[in-house]
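Worksheet for the structure shown next.
Computed from the coordinates by the stated procedures, all read-outs in this text should not be read as laboratory data. Keep in mind it's a predicted model, so treat the numbers as computed, not measured. So basically every Cβ, Gly included, is an ideal-geometry build from the backbone, and we count neighbours across all protein chains shown.
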Amino acid sequence: ALIPMVATADVAAVAVEHLVSRDFSGYTVKALPGPPARTMRKATALIGERLALAELPYVQFPPDDVQGALLAAGLSREAASLLVEMMVAVNEGRHFGPDDSSGTGHPVADGPQGATTLEAFLNEALTA
């Protein structure tokens with residue numbers, strides 16, 4: 001499944017714009033599409049390339065194993081169940097809502113768009 005990825009810097013830039021302009025009231029949810037979505041396998045490959053670990057594998061754990069690990073880490077049964085439910089929805093491609101027709105893998109939005117690619121983020125975050 002394609003996973004939309006938006007850099008926190010892009011989210012922060014949009015949040016600052018709204019906080020400075022005060023063009024909102026109450027609670028507001030905005031879609032912030034970013035560069036084309038990636039599969040976790042492709043994202044892992046890009047991380048491996050950046051770390052000089054060309055064979056870095058993406059390993060997807062079964063939901064029951066993830067829930068057991070979360071419980072062992074101290075999460076409540078409810079929190080672990082909700083996280084696993086979200087993980088399964090993401091893996092099945094049904095978590096992010098309707099995609100626009102551009103093939104980006106992001107929900108439809110009529111406002112700003114995040115510009116930071118995964119490669120640009122990795123270059124900044126994983127500097128040698």
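What tally of residues in region 45-75 results from selecting those that are small (Gly, Ala, Ser) and either exposed (fewer than 12 other Cβ atoms within 10 Å of the Cβ) or not in a helix (DSSP H, G or I) (or both)? Give the steps one after another, and end with the answer.
Step one: list which residues in region 45-75 are small (Gly, Ala, Ser), which gives 45, 48, 52, 54, 68-69, 72-74.
Checking which are either exposed (fewer than 12 other Cβ atoms within 10 Å of the Cβ) or not in a helix (DSSP H, G or I) (or both) leaves us with 52, 54, 72-74.
The number of residues fulfilling the criteria is 5.
Going through region 16-36 one residue at a time, which ones are more than 10 Å from LEU118 (Cβ to Cβ) and in a loop (DSSP other than H, G, I, E, B)?
Residues of region 16-36 more than 10 Å from LEU118 (Cβ to Cβ): 16-33.
If the condition is that a residue be more than 10 Å from LEU118 (Cβ to Cβ) and in a loop (DSSP other than H, G, I, E, B), then ARG22, ASP23, PHE24, SER25, GLY26, TYR27, THR28, VAL29, LYS30, ALA31, LEU32, PRO33 are the ones that fit.
Here's a check for you: in region 27-44, which residue that is in contact with a Ser or Thr (Cβ under 9 Å, 6 or more places away or on another chain) and of a type in the set (Gly, Ala, Ser) is farthest from ALA9 (Cα to Cα)? Working first, answer last.
Here is the first cut: in region 27-44, the residues in contact with a Ser or Thr (Cβ under 9 Å, 6 or more places away or on another chain) are 33-37.
When the remaining residues are screened for being of a type in the set (Gly, Ala, Ser), the result is 34, 37.
Details: GLY34: 11, ALA37: 17 Å.
Ranking the qualifying residues of region 27-44, first place goes to ALA37.
Would you point out the residue of region 76-96, among those that are of a type in the set (Asp, Glu) and closer than 18 Å to ILE3 by Cβ, that is surrounded by the most Cβ atoms within 10 Å (Cβ to Cβ)?
Our first condition is that a residue be of a type in the set (Asp, Glu); within region 76-96, this holds for 78, 85, 92.
Imposing the further condition that a residue be closer than 18 Å to ILE3 by Cβ reduces the set to 85, 92.
Working: GLU85: 13, GLU92: 9.
Only one residue fits best here, namely GLU85.
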